[in-house]
Protein chains: 2
Amino acid sequence: MIVNGSTVHEVLVAVFQVRHLGGHDDPKHHNGAELCVLLWERAMAPMVGMWSLPGGKLRSDEDLPTSARRQLAEKVDVRELAHLEQLSVFSDPHRVPGRRTIASTFLGLVPSPAEPELPSDTTWHPVTALPEMAFDHRTVVDYAHSRLAAKLSYTNIGFALAPEQFTISTLKSIYSAALGYHVDATNLQRVLGRRGVITPTGSTAPSGRSGGRPAAVYRFADSRYRVTDEFAALRPPG
Amino acid sequence: MIVNGSTVHEVLVAVFQVRHLGGHDDPKHHNGAELCVLLWERAMAPMVGMWSLPGGKLRSDEDLPTSARRQLAEKVDVRELAHLEQLSVFSDPHRVPGRRTIASTFLGLVPSPAEPELPSDTTWHPVTALPEMAFDHRTVVDYAHSRLAAKLSYTNIGFALAPEQFTISTLKSIYSAALGYHVDATNLQRVLGRRGVITPTGSTAPSGRSGGRPAAVYRFADSRYRVTDEFAALRPPG
DNA sequence: TCAAAAGTGTTAGATTTACACCCATGC
DNA sequence: GCATGGGTGTAAATCTAACACTTTTGA
């Protein structure tokens, strides 16, 4: 039974980061780097043992982005969060048991080298191997992922996944992991360069222990989200 | 002063239709056709005399799209609504005076020939000449417009603005009006044809009183929203 | 026959993937 | 030297805007 006026508004955030898993390098696609999402394991009913997105109830004195950041602070250092954007709203009256709960969902991005401390119930999960998730949270993750992939094409959103400074190789593995397919380093450099998304810093990175030419170091021109080319594309390989 | 739990959730819809205004044809851009949005004039405080988007409070037993259709039924025949999609949520605690109100906004589309009856306080307004609007509703209209323009490029969303059957000329003026710039009829036909968005019906339309070759009649292949080409573009003229 | 509207053919430009080839460094 | 990774040059494919030209109709 539903009591009028008892509707709750919650915020859910799909936080992504490109992370290097295990030792076994799999250079086939993304050089061991994988796109991961932050999940916590439910200890109490309902849905004990299933995995959920971080989030919680909206307060009456905060707007949605503020709430998302506050809720996230319980899981990760919010200063690590380089990008946060609103996705869809889930409003089915029966999407969760109990009081009617409307969920506003968000996409959050954490740059790659960061290694934030996590509570014991919280871990990163590769999006290619998600556990069983509570309620409609899996839908949120899938939607957030496709949104991220699309925006890598025509915006500078990559800045929120990459380190401050990086080589093209590093950027290539980040883009490959986030997109899920192989990205050509050569073309990535040219495309992002032409659009003014990345610029060389002038310095170079030392070459690895097995030799090789030292790589030029780049950074993103802007550190804030920007639509770079409405009609640009990063197409999957043919 | 804000009382906890008194938050209201409302729905706002920016309903667009391409309409032929006045007699003076302006073939420069869109052949007299203009993209219009449905607004009603406030008769009561606050903001008397200003123009607002249709919408209203969400009920506890309906989800957002259902609510949007119900609220809209008070303004237009909902059967005319060929497309409805969620946009952003506006959640600033002080976006409207009085009780805290969270607004979920929508984009709605009405096909071109329809001429729904409207209440006396409600009229169509060209997006190129919007009146002063209440609260943050102008922001919603602008956002909805840009979303529509973007989706005309890579989805079949045009079906929701066009008649069931149409000539390429008709479709061209609809696209031109919605996009705000001149679209080449030749290329529109080829692009949408190659993507399988439109198909010829086989019949032809009679030529006008001043002669001219009769135009082939087309229709949209699907009558439901579909992403046709993730990476396709309709670029503005160079 | 002529003007008007529709459709076809073609060109030029832009963008992107793919890949061969040259460059710089450590061992 | 030589293997290894990084960078440049370039070709091929795709797509799109622009526009000249042909086709079909009504007066």
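The values are calculated or read from the model by the stated rules, or taken from the named source; none is laboratory data. Quantities reported herein were computed from a predicted structural model and do not represent experimental measurements. All Cβ positions, glycine included, derive from the backbone under ideal geometry; neighbour counts span all protein chains shown. Heavy atoms of the whole protein, side chains included, go into the accessibility calculation; ligands, DNA and RNA do not. Shrake-Rupley method; radii C 1.70, N 1.55, O 1.52, S 1.80 Å.
With each label modelled as a point 7 angstrom along the Cα→C-beta vector, the A:ALA73-B:ASN187 pair spans 5.1 nm. Across identical copies of the chain, B:GLN165 has label-point separations of 6.8 nm, listed in ascending order, with the point defined 7 angstrom from Cα along Cα→Cβ. Among the GluC sites (Glu not before Pro) found in region A:76-181, those both in a DSSP coil and sparsely packed, with 13 or fewer other Cβ atoms within 10 Å of their Cβ, are A:GLU117, A:GLU132, A:GLU164. Taking amide H as placed 1.01 Å from N in the peptide plane, the amide H of B:VAL15 sits under 5 Å from that of B:LEU38, B:GLY108, each at least 5 places away or on another chain. For chain B, the share of accessible area belonging to carbon and sulfur comes to 50 percent (1.4 Å probe, ligands and nucleic acids excluded).
Largest mean-square fluctuation among B:ALA73, B:ALA144, B:ALA129, in a Gaussian network model of chain B whose springs join Cα atoms under 10 Å apart, belongs to B:ALA129. Using only the alpha-carbon atoms, how far is helix A:168-179 inclined from the longest principal axis of chain A? Give it as 0 to 90 degrees, nearest 10. In chain A, helix A:168-179 runs at an angle near 30 degrees to the longest axis.
Scalar couplings 3J(HN,Hα) for region B:127-142, obtained by applying the Karplus form with A = 6.51, B = -1.76, C = 1.60 to θ = phi - 60°, are 5, 7, 9, 7, x, 5, 10, 6, 6, 9, 5, 4, 4, 5, 4, 4 Hz; x denotes Gly and Pro.
For chain B, what log10 I(q)/I(0) values come out of the Debye formula at q = 0.08 1/Å, with one point per alpha carbon and no solvent? The Debye formula, applied to the Cα set alone, gives -0.33.
A cut-off of 5 Å between modelled amide H atoms, ignoring neighbours fewer than 5 places along the same chain, links B:SER88 with B:THR105.
Residues with beta-carbon under 14 Å from that of B:LEU130, excluding B:LEU130: net charge, scoring Lys, Arg +1 and Asp, Glu -1? Net charge in that neighbourhood comes out at -4. In terms of Cα atoms, the Rg and Dmax of region A:64-185 work out to 15.7, 50 Å. In this assembly of identical copies, the label point of B:ALA233 (Cα plus 7 Å along Cα-to-Cβ) is separated from its counterparts by 1.0 nm, sorted shortest first. On full extension, the segment bounded by A:HIS125 and A:ASP229 gains 34.3 nm, given 0.36 nm per residue less the C-alpha separation.
Summary for A:GLU117: label point 7 Å along Cα→Cβ; distances to the equivalent points in the other copies, ascending, 6.8 nm. Secondary-structure-derived ellipticity at 222 nm for chain B, considering helices only, amounts to -6500 deg cm²/dmol, per-run term -39500 (n - 2.57) for DSSP H runs with n ≥ 4. Dividing the mean sequence gap of close Cα pairs (under 8 Å, 6+ apart) by how many residues region B:124-229 holds gives a relative contact order of 30 percent. Taking Lys and Arg as +1 and Asp and Glu as -1, the other residues whose beta-carbon sits under 12 Å from that of A:SER120 total -2. Which of these, B:SER91, B:SER67, B:SER223, has the largest mean-square fluctuation under a Gaussian network model of chain B (Cα springs below 10 Å)? Among B:SER91, B:SER67, B:SER223, the largest GNM mean-square fluctuation belongs to B:SER91. Could you compute the net charge surrounding B:ALA221? Neighbours are other residues with a C-beta less than 14 Å from the C-beta of B:ALA221; K and R count +1, D and E count -1. Computed value for this residue: +2.
Using only the C-alpha atoms, the convex hull of region A:157-220 corresponds to 93 Å³ per residue. Where chain B is carried onto chain A by rotation, the Cβ closest to that axis, with its residue and distance in Å, is B:VAL89, 3.
Among A:ASP121, A:ASP142, A:ASP61, the residue with the largest mean-square fluctuation in a Gaussian network model of chain A, with springs joining Cα atoms closer than 10 Å, is A:ASP61. PRE reach from A:ARG195 (point 7 Å along Cα→Cβ): which of region B:211-233 fall under 20 Å by backbone N? Counting only backbone N, you get B:228-233. Distance from the Cα centroid of region B:196-237 to that of region A:195-238 is 41 Å (rounded to whole angstrom). For chain A, the relative contact order is 22 percent, taking Cα pairs closer than 8 Å that sit 6 or more residues apart in sequence and dividing their mean separation by the residue count.
Distant-in-sequence amide contacts of A:VAL96, defined by a placed amide H-H separation under 5 Å and a gap of 5 or more residues or a different chain, comprise A:THR101. Using only the C-alpha atoms, the convex hull of region B:36-121 corresponds to 113 Å³ per residue. Using bins 10 angstrom wide from zero, how does P(r) for the protein assembly as shown break down, in % of all Cα pairs? Cα pair-distance distribution for the protein assembly as shown, in percent: 4, 17, 25, 25, 18, 9, 2, 0, 0. Axis of helix B:185-194 versus longest Cα principal axis of chain B: the two differ by about 80°, to the nearest ten degrees.
Kirkwood radius and radius of gyration were both taken over the C-alpha atoms of region B:115-218, and their ratio Rg/Rh is 1.04.
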